[in-house]
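Here is the structure we will look at.
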Amino acid sequence: MIQKDSGSIQHQAEHTRSRRQSPIMGYLLILFAAAFLLLLLAYFQQQRANSETTDALKQSASAVQSIQNLIDDNAELRSKVEKLEAQVAELENQRKDYEALYRASETQAAQLTSQVESYRLLFRIDRLYRAQRFRDAADLIEQIEALGQPSSLLSGQALTGEAAEVTPLGRYEQIRKQLKEWDYLT
């Protein structure tokens, strides 16, 4: 019986051990399942964080590209502004040159108008002198000299370019001298 008891004790010990192992195995399985679930949850959180980081990097890259495009556009616009400012400066210089040319032309036109008027008056005096209307010629000379010196506008050169021809200034002085000698001018 001692053998029987010894076999029975061993059998009871194994049963007792298997009964004790059963709850421990359950706890171990629950711990492994919880650990697996935690690892799975950590993996999904890591994936979500990676996805958010990737989206943020894509947005950042897009923003950097947009900023670079704006910088390039700004540089291009600055270059155009500089070219336009140079054109404005050049056109302003041209405008000033044209204004100076216009003023010079206006002055020259006024001088030519005065000169033409002086020649017209000289020819009128000459016609009156040739028509022997000495008093009218003298009156016209006095009117002209009262307004200014027409002799400064008359040319000292012959109108046709021949040396023998009397110059307009010479003819004016000749008529004036003759009318003064005849006491028509004072």
Check: Does the stretch 30-52 contain any residue that is in a helix (DSSP H, G or I) and under 30 Å from residue 144 (Cα atoms)?
Finding: no
Next item on the list: Taking the options 124, 130, 120, name whichever one is within 30 Å of residue 185 (Cβ to Cβ), charged (D, E, K, R), surrounded by 10 or more Cβ atoms within 10 Å (Cβ to Cβ) and touching a Leu at 6+ places or on another chain (Cβ under 8 Å).
Entry: 124
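Residues checked against (1) in contact with a strand residue (DSSP E or B) (Cβ under 6 Å, 6 or more places away or on another chain); (2) surrounded by fewer than 10 Cβ atoms within 10 Å (Cβ to Cβ); (3) closer than 30 Å to residue 170 by Cα; (4) not hydrophobic (A, V, I, L, M, F, W, C):
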| residue | (1), (2), (3), (4) |
| --- | --- |
| 69 | no, no, no, yes |
| 104 | no, no, yes, no |
| 107 | no, no, yes, yes |
| 112 | no, no, yes, no |
| 115 | no, no, yes, yes |
Next item on the list: Examine the stretch 126-138 for a residue that is over 17 Å from residue 170 (Cα atoms) and of a type in the set (Asp, Glu), and state whether such a residue exists.
Entry: yes
Margin query: If residue 154 satisfies all but one of (1) at pLDDT 85 or above; (2) in contact with a Phe, Trp or Tyr (Cβ under 7 Å, 6 or more places away or on another chain); (3) not in a helix (DSSP H, G or I), what's the number of the condition it fails?
Written below: (1)
Check: Is it the case that some residue within the stretch 93-110 is modelled with pLDDT under 90 and of a type outside the set (Asp, Glu)?
Finding: yes
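The values are calculated or read from the model by the stated rules, or taken from the named source; none is laboratory data. This one's a predicted model, so the numbers in the text were calculated from it and none came from an experiment. Because the Cβ atoms are built from the backbone with ideal geometry, glycine has one as well, and the counts that use them run over all protein chains shown.
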